[in-house]
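One structure below.
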Amino acid sequence: MTTLQDIQLINIPVVEDRRGNLAFIQEKVLPFEFKRVYYLFDVPSNSFRGSHSHVNQCEVLIALSGSFEVVLNDGKEKKSFLLNKPNFGLYIPTGIWRELENFSSGAVCLVMASDMYEEDDYIRDFDQFLESKK
Ligand code: TYD
């Protein structure tokens, strides 16, 4: 059973250059092999995203631009992370409820996921999530 102890902040390698910085993600940077990338952008500041957990999939979230908060819940405890640096990834293992909120203007949230989009992998009902953690 996953808990908040399993969350990781991942340092993404960056090549610094006077021309600007370059960050890269390849095999072994993330604790899983990713099969899908998606991103959230133009998110209104009063909007909430997420509100679900996954049965099998895990994800890494990166604030490519701007900032937003990610509130994680393992069914017992909650912890909030402010993502505002493009060289840090927040690793969310399977079985963790997430809420994304307080998006700054221009924020872009990149998500790298362990598998293809599959609605059956989502738990979107909080009570059902709590039940799954028993
Ligand atoms: P949703 O899971 O509600 O987004 P978030 O959790 O980031 O707030 O997804 C919104 C819609 O987009 C929903 O109809 C499912 C669809 N979708 C895809 O088609 N492919 C994807 O990879 C993702 C993440 C969502």
Next item on the list: Under 1.5 on a/c is rounded, so check that first for the stretch 66-134, then, if it is not, pick prolate when a/b is larger than b/c and oblate when it is not; a ≥ b ≥ c are the square roots of the alpha carbon gyration tensor eigenvalues.
Entry: prolate
Next item on the list: Find the relative contact order for the chain and round it to a whole percent, using C-alpha pairs within less than 8 Å whose residues are 6+ positions apart.
Entry: 35
Item checked: Total formal charge among the other residues, if their Cβ is under 12 angstrom from that of I123, Lys/Arg +1 and Asp/Glu -1 -> -3
Checklist line | 9 Å beta-carbon shell around F68, net charge (K/R +1, D/E -1) | finding: -1
Next item on the list: Just round it to a whole percent: the fraction of Cα-Cα distances in the stretch 12-126 exceeding 17 Å.
Entry: 56
Note to self: Charges at C-beta only: +1 for Lys and Arg, -1 for Asp and Glu. How large is the resulting dipole of the chain about its Cα centre, in Debye rounded to 20?
What the structure shows: 460
Item checked: Cβ-based charge dipole, the stretch 1-129, positive-most Cα from V15, P31, N84 -> V15
Margin query: Restricting things to Cα coordinates, could you compute the convex hull volume per residue of the stretch 1-72 in Å³?
Written below: 138
Checklist line | With at most 15 other Cβ atoms within 10 Å, longest stretch of the chain clear of loop chymotrypsin sites (Phe, Trp or Tyr not before Pro) (DSSP) | finding: 49-116
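No lab work stands behind these numbers, since they all come straight from the coordinates. Quick caveat: nothing in here was measured; it's all calculated off a predicted structure. With ideal geometry, Cβ positions are generated from the backbone for all residues, glycine too; neighbour counts draw on all protein chains shown.
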